[in-house]
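To start, the structure itself, in structure tokens.
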Amino acid sequence: MSKSVRIYEVGPRDGLQNEKEVIAPADKIEFINLLSESGLTKIEATSFVRPGVIPQFSDAAEVYTGISKKPDVTYCALVPNKTGMEKALECKIQEAAVFTAASDSFTKKNINCTIQESLDRFKDVMRLARESSVPVRGYVSTIVECPYEGKIAPEAVLSVCQGLFDLGVYEISLGETI
């Protein structure tokens, strides 16, 4: 067993995405810069999603390019599809992340597609990432229980993880959404 722990700080992305009032880009940049000074080495800064879907990230490019990037910190961005990845690459992202779930019901409610459709969307993301030498992490939600389907079989989680690894993600974060 490893004697170290790696922390991915997702507050600027996951922590802010449901805020009702849109936070000013300058405030997000300051928040991320302060996190950079805290000793963290992995920060998920933003998400390149359609502004109409999550208005909080309509400023993703401005925020990502406005960060004072420290050389010992990796700044990641969540990307849902090819268009998001293209926008992220324009900002010279250091790392990308893709997200799905082990429950079709949750995936449909969260990102408006099935698990398989999400994996299919990621093919273009992964191709662009490889062409640009950008590493990609994967997220799998609802690994124990789904609010719509109930208990999730471990085999279902394994299947989604295998799909992500087959696409080329270098690491998977398992999350229990409930």
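Report the full-extension gain for the segment Asn33 to Phe165: residue separation times 0.36 nm, less the Cα-Cα distance, to one decimal in nm.
44.4 nm
Taking label positions 7 Å along the Cα-Cβ direction at both Lys82 and Ala26, the computed distance is 3.9 nm, reported to one decimal. Per residue, segment 1-60 exposes 61 Å² of solvent-accessible protein surface, assessed with a 1.4 angstrom probe and all protein chains in place.
Got a number for carbon plus sulfur as a percent of segment 1-81's accessible area, 1.4 Å probe? Mind dumping the intermediate values first?
On the way: 2400 of 4540 Å².
Here it works out to 53 percent.
What would the Debye formula give as log10 I(q)/I(0) at q = 0.20 Å⁻¹ for the alpha-carbon point model of the chain, no solvent? With one equal scatterer per Cα and no solvent, log10 I(q)/I(0) is -1.43. Just to check, using Stokes-Einstein with a Kirkwood Rh over alpha carbon pairs, what's the diffusion coefficient of segment 74-178 at 25 °C and 0.890 mPa s in µm²/s? In µm²/s, the coefficient is 180. Computed from backbone phi, the HN-Hα couplings of segment 152-157 come to 10, 5, x, 5, 5, 5 Hz, rounded to whole numbers (Karplus: 6.51 cos²θ - 1.76 cosθ + 1.60, θ = phi - 60°; Gly and Pro given as x). Here the Karplus relation 6.51 cos²θ - 1.76 cosθ + 1.60, evaluated at θ = phi - 60°, turns the backbone of segment 104-119 into coupling constants of 4, 4, 5, 4, 4, 5, 7, 10, 6, 6, 7, 4, 4, 4, 5, 5 Hz, with x for every Gly and Pro. Relative contact order of segment 1-151, taken over Cα pairs closer than 8 Å and 6 or more residues apart, is 19 percent.
Taken one residue at a time, the phi angles of segment 9-22 give Karplus couplings (6.51, -1.76, 1.60, θ = phi - 60°) of 7, 10, x, x, 9, 5, x, 9, 5, 9, 5, 5, 8, 5 Hz. Gly and Pro are set to x. Under a 5 Å amide H cut-off, with hydrogens placed 1.01 Å from N, Lys42 pairs with Glu9, Thr74 among residues at least 5 apart or on other chains.
Label separation (Glu149 vs Ile178): 1.3 nm, computed from points 7 Å beyond Cα along the C-beta direction. Net length available on complete extension from Lys3 to Asn112 is 35.3 nm, with 0.36 nm assigned per residue and the Cα-Cα distance removed.
The values are calculated or read from the model by the stated rules, or taken from the named source; none is laboratory data. The shown structure was predicted, so the numbers you read here are calculated from the model rather than taken from an experiment. Positions of Cβ are backbone-derived with ideal geometry, glycine not excepted, and every protein chain shown enters the neighbour counts. To get the accessible areas, we keep the full protein, side chains included, count just its heavy atoms, and leave off ligands, DNA and RNA. Shrake-Rupley method; radii C 1.70, N 1.55, O 1.52, S 1.80 Å.
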